[in-house]
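The values are calculated or read from the model by the stated rules, or taken from the named source; none is laboratory data. The shown structure was predicted, so the numbers you read here are calculated from the model rather than taken from an experiment. No Cβ is skipped: glycine too gets one built from the backbone with ideal geometry, and neighbour counts run over all protein chains shown. Note: areas computed on protein heavy atoms with side chains; ligands, DNA, RNA excluded. Shrake-Rupley method; radii C 1.70, N 1.55, O 1.52, S 1.80 Å.
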Amino acid sequence: MHGKEWLEAWQIAAVYIGTVIGAGFATGREIIEFFTQYGAVGTVGVAVSGLLFTWGGMRLMVMARRIGASSYDELNRYLFGRMVSPFVTLVMTVMLAGVTAVMIAGAGAVFEEQLGWARQTGVALTLVLAFVIMLFDRKGLFGINVFVVPMIMLFSVVVFIKTVMAGELCRPDMVAADYSLKAVLSPFSYAAFNLAMAQAVLVPVACEATNERAVKRGALLGGIVLTVLLLLNHTVLLSFPHKNGYDIPMAEVVHTFFAILYWFYVFVIYGEIFTSIIGGLFGLERQVRIWVPLRGKWLAVLLVSLFMAVSLFRYGELLSFIYPLFGYISLVLLWLLWRRQLPRQ
């Protein structure tokens, strides 16, 4: 029984990691934006963010489990109150749908840029794969993350070791510190934003877990692995002199130092995008179930069809408007997680 609990804890941790790590993490752009551009202060920021991921993920899942929340809407009601929660849930649902659509477009771009296929072929293939995995419901969500997350971990470790062996690690001229307010707030907004995005998946997963102990262990494992992955990738990017000139800095790192790993990196990037797509679809499906009386495969068909249509559009402008708003709401979520009392068992 003990081994079964640890297996479930690892499955929960893998879902947590796979949901947080998306295209921005895989390309390195997100890590530069929130941490690496601030140098040594960014390194401290990674540690702060890691602590928030561990504490926040655990508190969010335990809270959801104890109030019996099966979707993020029910947890929002507890955190924000009945008056404000419908607005928060609506913004979260739009944001989650928008980010999932961007990830789907990103998956199409990987096929187009790396394989020379048509973008829509990549999108269609990704959505067919996503539909198949959604048919397996929770088992599909766990299965894809348990498969992809170790690949992501392996890639991060190998690139870090190769950077050390190449003698390129964190030369003093690259580790200047930035003490601005933005640099100090960055780890809080990063953790808050990602917790808010992961909430859609973590709430139903926590509610459907066997017991609270598995949930706590899963959050702890997930938080530790996320911290290590952030630290490894941040350190590698810190060691790369021209990182700010690229949209996909990690691809340049791999190209420059370890060309032999390039196709493995392409596979990892696609895997990271795909786990985020599955996480987004899973969270949306659990929420839409409450609003629309559809079950099982018909709901999956509806969501996949909608995203096939939506993925034809580019969401850049919409997201640049919603992201700041969502950032503020996410910080409120982090504060309320700390302030709200944890219900008794």
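Computed in the context of the full set of protein chains, the accessible area of the chain at 1.4 Å probe radius has 68% of its extent on carbon or sulfur. Based on protein heavy atoms only, the chain ends up with 44 Å² per residue of surface accessible to a 1.4 Å probe. Every Cα-Cα pair in segment 27-73 was counted, and those over 16 Å apart are 54% of them.
Over the chain, the hull volume per residue, using the convex hull of the C-alpha atoms, is 134 Å³. A Cβ-based charge dipole, computed about the Cα centre of the chain with Lys and Arg at +1 and Asp and Glu at -1, lands at about 1200 debye. At the listed q of 0.19 Å⁻¹, the Debye profile of segment 74-150, built from one uniform point per Cα, gives log10 I(q)/I(0) equal to -0.93.
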